[in-house]
Structures are given as C-alpha cells and as structure tokens.
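Just below is one structure, and these are the notes that go with it.
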C-alpha cells in the first residue's frame, strides 16, 4: 500500500478530469448528504469500533484520539514526516491540507481517512502491530457466520439448474454481495431466474455475457470489492467462467492492504478459498477447482498499489492501464470501484455509461449495489420512477445495476 504510485499530475495528456461538463465533485460540505454522514458519523463510529476490536496500547489509543479530533473538529493534516509515504501523500494532498474534511473531494477524503486510521494503529510501523489488519475481526465474523453456511448449501440446488439459469443466478449473487443469498436460493416457489430483478435500475447482463462467449481464449479481469460474503460469490462466479469456457484465465485484482473496512486483500482470498474447501458438496468441489486453478496459473491474484490511491480510474498508472488493456473484459465490483470508474461527481443520472467509461482501456462491466450518490446510465423513465418513490434509492443498498460497454 505504501508503494510509489504516479501522482495525478504525472498522468498522460488527454486524461485530465477537467470540469466534467459542470458536474460538481462530491464533497461532504452539504448538510444532510450521504458524504457528510460518512465523514462525521460513520468514520468516528469506525474509530471507536477499531479501538474496541484490539487490545491496543496507549500509543494507539492516543493516535486514535488525535485522529478522531482531527476529523470532527479540525482540518486535514499531513502525515508525519517520518512516514515512508509522507512525500507521496504530501503531493496528493497539497490542495487539501489545512481545509475542513468536508471541503475536500469525498473520494480523496475517504481514502486519506483510512490511510491515517491504519497509521494510527501502527499498521505501517516497525512495532508488533505492523501488518495487523484492524478490520480482520469484522471480516472473520462475517465469514464464519451461519449465513455463509446456508448460502454454500444452496449451491447444491443451484447445480441442478441448466447452465444459463445457473449463470444468471451466480451473476446476481456476485452483484448483490452480502445479500448473496438472494441469488443462491432456488426452490420450487421462487420466481424464474430469467425474470427481471425488480431491484435492478439498469441491466446490461446480455452485453456482459456476449463479451464472454463459451470457448473464448480471453483473460477476464475481476476487480474485487468486499471480502467475506461478497468475495465468496465472486469466486464462485469466477469458477463458473473457467469451468464453462467463458474465460481461459482470470486475474483477480484485490487491495494490497486493508482499506475501507471490508475490502478484499490476498489474505481474504485465501480465507475464502479455505472456507469453500471446508464446505461439503458443490461448494467444496468449487473450492478444490479454484485452488487448483491458482496452482495452474488459470486464476491469478494481483494487488496493485493504485487500488489504495485516492484517484479515479481515469488517472490509473500506465502499467495498470496496460494490464487492463489485455483483458477481454474487466468486471469491476462494488460501489467504490463504480465511483472510481465513472468519476465521483454529481452526474446527471441519465448520462450514458459508455461516455463516462470511454477512458477505460478495453471492454468493462460494473456490478454494483447502490450505496452512494453516484449513478449514471439510467433511462429517463427509470429515473423518474425512482425519484417519485420517496426512497433513498441511491444509498440504501436496495437497488443495484449491471452495466457494460464493449
């Protein structure tokens, strides 16, 4: 996570974010907004939860108190000069230091908060807490819960379905993440899996599958989001792509270190594979195939430092851009990846998805449950209906989308 990443000012010409047609960058400056709530309610609560999750010493407690005061009462402060990535974050934050946290771009503020939280608990230090994931207890509790066991058992029923219906169910399981049971549960009383999901505000699944024809020699890139109950259905979908020839090889991109509480790291991938291996029936056999695919190079895990940087994908470094350019399709999972893909701005929700992803080097698809304000690619009729519903559909996690472009 501390590896050198090219600064935004180093990006090649022609990919500057610019004014984005007047769509303002999202910040937490407006009272009552989702971003404001994250900065002044969710982040302070998370500091308290992390403090209680480990028997940290006085140094960590003092650092957490300082961070809590900074984000609630102070301004954005630079990292200590002794931090090994001080120079990098000094360049990234030169326009933001000294300003209230609510006044800087939300995407940047969130990323920097997690960097400072990790520093406060000694994750990057030379002491005994170095490399200890402060979010691990939350991830492990979810992975060991009974809900995961029930979802894995449901795979046995899913295996009896025709391949097309099974593919749809697995795609929807990966889409809904920690509501994956909605995609796995199949019984005689369930609606036909070919029916439209009423929670989908956009559905380009036909385009997605057309980019993954059976027998393709292509590599598919999957950029993970959360660990635990979301990563397991991601892995099961990857197994389906490999087993049915919709990908010759899959590269799974994860975070190089802890980030945004539940974000998946290599350690989380291993934990999920082991959880699959312990399961009976279809789930256990899936785990065996994935384990073997890792050994054979058909499934590879990568962890580029850019995934923990505070920038949109439009500003990705050239080595990662070249990596994605070789993929037959890149599937981006989750809300944060979506914000980074289209830009964390207050877009007109009917703005075409293809327009805002034209910068991405190759075919791309987004599987995302809506948990923040950013959304594009909706039809005018869909948007009108959602706005009239009176629900917080952009941020409640009750709606989702599958969007893709060639």
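The values are calculated or read from the model by the stated rules, or taken from the named source; none is laboratory data. Keep in mind that what you see is a predicted model, and the values were worked out from it rather than measured. FYI the Cβ positions are ideal-geometry reconstructions off the backbone, even for glycines, and counts take in every protein chain you see.
Quick rundown of the values:
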quantity: In the stretch 318-330, residue nearest to residue 223 (Cα to Cα) [restricted to those that are crowded, with 21+ Cβ neighbours inside 10 Å and in contact with a helix residue (DSSP H, G or I) (Cβ under 8 Å, 6 or more places away or on another chain)]; calculated: 330
quantity: Index of the failed condition, residue 13 passing every other in (1) at pLDDT below 95; (2) surrounded by 14 or more Cβ atoms within 10 Å (Cβ to Cβ); calculated: (2)
quantity: Every residue from the stretch 154-175 that is part of a helix (DSSP H, G or I), in contact (Cβ under 8 Å) with a residue 40 or more places away in the chain and surrounded by fewer than 18 Cβ atoms within 10 Å (Cβ to Cβ); calculated: 156, 163
quantity: Only listed residue being out of contact with any strand residue (DSSP E or B) (no Cβ under 9 Å at 6 or more places or on another chain) and touching a residue at least 60 places away in the same chain (Cβ under 8 Å), chosen from 286, 207, 219; calculated: 286
quantity: Cross-chain or 6+ apart pairs with Cβ under 8 Å, the stretch 21-45 first and more than 25 Å from residue 350 (Cα to Cα), then surrounded by fewer than 16 Cβ atoms within 10 Å (Cβ to Cβ); calculated: 40/72; 44/72
quantity: Some residue of the stretch 21-38 being part of a helix (DSSP H, G or I), at pLDDT below 95 and more than 21 Å from the chain's Cα centre (by Cα); calculated: yes
quantity: Any hit, the stretch 326-337, residues being out of contact with any strand residue (DSSP E or B) (no Cβ under 8 Å at 6 or more places or on another chain) and under 25 Å from residue 237 (Cβ atoms); calculated: no
quantity: Residue match in the stretch 56-75 (condition: surrounded by 21 or more Cβ atoms within 10 Å (Cβ to Cβ) and under 24 Å from the mean Cα position of the chain (by Cα)); calculated: yes
quantity: Listing of helices (runs of 4 or more DSSP H) fully contained in the stretch 77-153 that carry 1 or more residues being without any contact (Cβ under 8 Å) to a residue 24 or more places away in the chain and surrounded by fewer than 17 Cβ atoms within 10 Å (Cβ to Cβ); calculated: 86-92, 136-143
quantity: Index of the failed condition, residue 307 passing every other in (1) surrounded by fewer than 23 Cβ atoms within 10 Å (Cβ to Cβ); (2) under 24 Å from residue 85 (Cβ atoms); (3) out of contact with any helix residue (DSSP H, G or I) (no Cβ under 6 Å at 6 or more places or on another chain); calculated: (1)
quantity: Strands (runs of 3 or more DSSP E) completely within the stretch 178-262 that count 3 or more residues being modelled with pLDDT of 95 or more and over 17 Å from the mean Cα position of the chain (by Cα); calculated: 200-203
